[in-house]
Amino acid sequence: MESDMLPARTFSITIARDWRALYEIIWRPEYFPRWASGLAESGLRQEGAHWLADGPEGPIRIRFTPHNVYGVMDHHVDLGNGEEVFVPLRVVQNGEGAEVMLTLFRQPDMDDDRFAADIRWINRDLKALKALIES
């Protein structure tokens with residue numbers, strides 16, 4: 001069973017905003033391109049239950065978790081090869097502020113350099129979100 005599991009790392013950033021208020025600002029898929037450069041390099045276009053975007057490596061389809069009271073913003077990204085990459089994303093209370101947490105699963109075809117690059121990208125995007133919200 002454990003051999004079927006992917007290595008994972010979770011990254012977070014603290015944002016000085018009530019977690020519920022923050023979630024209400026950022027949960028909408030069309031808000032993601034303002035801070036998540038790793039997800040989309042352009043605006044998102046809705047097509048049924050999916051959103052289409054021009055990703056860093058070509059066109060992608062994204063399926064987002066619906067709005068909820070738990071701060072869950074998970075999404076499934078189809079990079080065009082039919083396989084979906086699951087990206088858990090949460091906004092949780094941290095005192096009077098919020099913690100935004102994203103888990104990166106290392107995909108089977110990902111070498112060390114690519115995994116390290118994705119880690120840098122995620123941390124850059126989380127810092128961009130913090131700057132956007134706190135400015």
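Remarks
- Computed [θ] at 222 nm, deg cm²/dmol, the chain (DSSP H ≥ 4; -39,500 (n - 2.57); rounded to nearest 500): -7500 deg cm²/dmol
- Between helix 112-134 and the chain: long-axis angle, C-alpha atoms, 0 to 90°, nearest 10: 20
- For the chain, the solvent-accessible area of protein heavy atoms averages 59 Å² per residue (probe radius 1.4 Å; ligands and nucleic acids excluded).
- For the stretch 95-135, Kirkwood radius (reciprocal of mean inverse C-alpha pair distance, Å): 11.8
- Over the stretch 68-112, relative contact order from alpha-carbon pairs under 8 Å, at least 6 apart, %: 29
- Given R0 = 22 Å, the distance between the Cβ atoms of residue 128 and residue 4 translates into a calculated FRET efficiency of 0.05.
- Radius ratio Rg over Rh of the chain, counting only Cα atoms, Kirkwood formula for Rh: 0.95
- Under 12 Å from a label point set 7 Å out along the Cα-to-Cβ vector of residue 101, the amide N atoms of the stretch 68-82 belong to 72.
The values are calculated or read from the model by the stated rules, or taken from the named source; none is laboratory data. Computed from a predicted model, the values in this text were never measured in an experiment. We place every Cβ from the backbone using ideal geometry, glycine too, and count neighbours over all the protein chains shown. SASA here: full protein model, heavy atoms, side chains in, ligands and nucleic acids out. Shrake-Rupley method; radii C 1.70, N 1.55, O 1.52, S 1.80 Å.
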